[in-house]
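The values are calculated or read from the model by the stated rules, or taken from the named source; none is laboratory data. Treat the numbers as computed from the prediction; the structure is a model and nothing was measured. Using ideal geometry, Cβ is built from the backbone for each residue, glycine included, and neighbour counts are taken over all protein chains shown. Calculation scope for accessible area: heavy atoms of the full protein, side chains included, ligands and nucleic acids excluded. Shrake-Rupley method; radii C 1.70, N 1.55, O 1.52, S 1.80 Å.
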Amino acid sequence: MRRLWNFSSPSESEQRFRAALAGARGDLRLELETQIARTYSLRKRFDDAHKLLDEIEPRLQDAGLKPRLRYLLERGRTFNSSGDKARGDEEDLAIDAAHMVAIVEGGEKALQWNLMALPLATGAKDVAARLWKAPLLNNIGYELKVLGRYDEALGYFQQALVAYEERGDKDTIRVAQWMIANTLRMLGKFDAALAIQLRLEKEFAADGRVDVHVLEEIAELYESLGDRAKARSYSRRAAEQLGKGG
């Protein structure tokens with residue numbers, strides 16, 4: 001689908017999608033039509049986009065997962081781009097749909113679905129839809145990390161941290177900091193990673209808590225830095241914590 005897109009020329013993209021429709025059936029045809037609707041939305045032809053999506057909607061009953069999700073995503077995008085504040089529930093549903101298909105797909109495809117959903121969350125009018133920004137940034141970072149693209153992953157994890165800080169939830173902020181430190185370790189930046197993990201250890205201790213994932217990372221970092229005594233100490237503590245159930 002992405003190969004047919006020329007985002008600098010939605011009209012050219014429409015022609016490509018219509019040409020592809022000639023031999024398309026079933027789910028593929030529905031997917032192509034959702035992308036034609038998107039070309040309308042990009043050209044501010046919002047009524048045309050909604051009209052086409054209205055025509056697609058009743059045909060989704062017997063369709064598979066992908067056309068359903070593309071329909072939801074494009075419907076949400078069209079409401080968002082047209083400034084329709086009354087349809088925030090569709091924004092949230094569309095983002096949730098893209099998030100779910102990303103989980104199903106995994107890897108490079110998951111990355112693409114999350115990247116498609118991110119602008120919708122960032123520009124959403126609905127508060128619930130905007131809350132997707134932080135987890136989407138985190139998920140993009142995670143998929144990039146799995147793909148071994150650590151520098152790119154780090155950038156998204158740092159953006160996720162800012163987004164989680166805006167939400168003010170202490171636990172998710174700490175998860176975001178952990179992800180940054182873990183990625184720094186992957187990049188060989190052991191001292192920077194260790195500083196973050198040791199700070200997290202202290203923060204959890206101040207709350208009367210122990211996080212086994214932090215202990216495991218500290219053990220890995222001390223091992224990488226050549227301090228095997230501390231590495232063994234933290235490994236033992238992590239094992240003891242796991243034995244306690246967490």
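Points to keep in mind about this one:
- Rolling a 1.4 Å probe across all protein chains gives M100 an accessible area of roughly 100 Å².
- Alpha-carbon Debye profile of region 84-185, log10 I(q)/I(0) at 0.15 Å⁻¹: -0.58
- Computed magnitude of the charge dipole of the chain (debye, nearest 20; Cβ of K, R +1, Cβ of D, E -1): 360 debye
- Angle in degrees between helix 190-206 and the longest Cα principal axis of the chain, rounded to the nearest 10: 80 degrees
- Counting all C-alpha pairs of region 3-109, share separated by more than 20 Å (%): 39 percent
- Tilt relative to the chain, helix 107-122 - C-alpha long axis, 0 to 90 degrees, to 10: 80 degrees
- Span per principal axis, largest first, for the Cα atoms of the chain (Å): 67, 35, 33
- In degrees, nearest ten, helix 88-105 long axis to first principal axis of the chain (Cα): 70 degrees
- Taking all protein chains together and a 1.4 Å probe, the residues V127, V214 rank V127, V214 from largest to smallest accessible area.
- Total charge dipole magnitude, region 185-246, about the Cα centre, Cβ charges on Lys, Arg, Asp, Glu only, Debye to nearest 20: 140 debye
- Cα gyration tensor shape of region 128-207, rounded if a/c is under 1.5, else prolate or oblate by comparing a/b with b/c: oblate
- Pairwise Lys count, the chain - Cα closer than 23 Å, eight or more residues apart or different chains: 21
- The spacing between region 177-192 and region 29-43, judged by their C-alpha centroids, is 41 Å.
- Between S9, Q35, L154, the Cα set farthest toward the positive side of the dipole of region 1-158 (charges on each charged residue's Cβ, about the Cα centre) is that of S9.
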